[in-house]
Each structure stands twice: as structure tokens, then as C-alpha cells.
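Each remark here refers to the structure printed beneath this line.
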Amino acid sequence: MPVDPSARKPGEDWIAIVRKNGMPEFAAAFAANPVLHTSVMSGPCVGVEAVAAVFAATAGGMYDTLAFTHETVDGPKTYLEWEGKAFGKSVGGTTILTRNEAGLIQSIQIYHRPLHMVLQFSAELENRLKGKVSPSLFATRDWNEFSRCSHHDSAWRPSR
């Protein structure tokens, strides 16, 4: 069966919202106190301003490339899978959006993989968000210790 070229691409609606960060249209897409949960932060960001600060920080060159590969909508939830490059390395993950009865986004969940990218992304995000969100939102692990390991898998051991 031929693919309709006018069909939406995975993530197209979400990308349009994120690109409006800093504009009234961005805030208008969210419920009053949206919550952002992500694997690169140790706690949630709450409120449009905090969510906007995180997206503004990631928009400034953290990703070399990012492409949404699959999208599934099931009731109020939209599930997005994505692949890309960040800091010159492969990264992938899932974004889950939950909308309220009015269709506004009330929850965003973003999960990165693999682990070494979660840690590197978290460390860079912490740098970029200094003074904008609570430092308690970031892990206390020493990224530099982890990054010295040549194989980012079971070879890494925390210091004792």
C-alpha cells in the first residue's frame, strides 16, 4: 500500500509545540501546572516556566540530530519513540505526553538511553540550568568518573 506523502510524520505535533517555546502558543499547549518527568533529572519539573527552561536548555545544541521514528496515540496518551545523536554519540528514547480532558498537556515523560548518555545529558543539563531550576533535580554521581571508563556498561564501578 503506498504511503500518503501528506500524512503526518511521527512527532510532528510535539515538535511544533517545542519550537514555540518562549511564545504564548507554547504555554497555551499546557495545563495550568504541567509536570515533566525525565530520566536525566532526579525529580519532576512542575509548571510551564520550569518546563520551558528545560526545553530552552536542550534546544541550544545538546542534540546533534533528533528524529521521531514512531508515534502511537491511545486516548489521552501520545507515545513517541526517537533516535538521534548528542555530543557525537548515539542516543534514543521515548517521550510520553498525557493530555487532560481539554486536550492540554498535563504530563511529559522523557526517557533517554543508554545509561552513559543519561548521565552525560544530565550533567550538561545541570550546567545549562544553573539558577533556573533546583540543583536537587540532578544526580550527584560524578559524570567524569563514569566517562573515563572505555566501555559504558558493566565495567563501570562507583568509587568506594
Exercise for the section: May I ask you to list the residues in region 6-39 that are of a type in the set (A, V, I, L, M) and over 20 Å from N100 (Cβ atoms)? Expected result: A7, I15, M23
Exercise for the section: Looking for whichever is of a type in the set (A, V, I, L, M, F, W, C), touching a Gly at 6+ places or on another chain (Cβ under 9 Å) and at pLDDT 95 or above here; the options are V91, V73. Which one fits? Expected result: V91
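Take the residues in region 119-160 that are in a helix (DSSP H, G or I) and in contact with a Gly (Cβ under 9 Å, 6 or more places away or on another chain); name whichever of them is modelled with the highest pLDDT.
Ranking the candidates gives R128 first.
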Handout entry: Those residues of region 1-60 which are crowded, with 16+ Cβ neighbours inside 10 Å, of a type outside the set (S, T, N, Q) and part of a strand (DSSP E or B), in sequence order
Key = F30, A31, P34, V35, L36, C45
Practice task
Being touching a Phe, Trp or Tyr at 6+ places or on another chain (Cβ under 8 Å) and either more than 20 Å from H112 (Cα to Cα) or in contact (Cβ under 8 Å) with a residue 60 or more places away in the chain (or both) is the filter here, so list the residues in region 6-25 that pass it.
Solution key: K9, P10, G11, W14, I17, K20, N21
Practice task
Of the numbered conditions (1) surrounded by fewer than 19 Cβ atoms within 10 Å (Cβ to Cβ); (2) out of contact with any His (no Cβ under 8 Å at 6 or more places or on another chain); (3) not charged (D, E, K, R), G92 fails exactly one; give the number of that condition.
Solution key: (2)
Practice task
State whether the residues of region 66-79 include one that is touching a helix residue (DSSP H, G or I) at 6+ places or on another chain (Cβ under 6 Å), farther than 21 Å from L115 by Cα and of a type in the set (S, T, N, Q).
Solution key: no
Practice task
Report, by residue number, each residue of region 17-31 that is at pLDDT below 95 and small (G, A, S).
Solution key: G22
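The values are calculated or read from the model by the stated rules, or taken from the named source; none is laboratory data. These figures come from a predicted structure and were not determined experimentally. With ideal geometry, Cβ positions are generated from the backbone for all residues, glycine too; neighbour counts draw on all protein chains shown.
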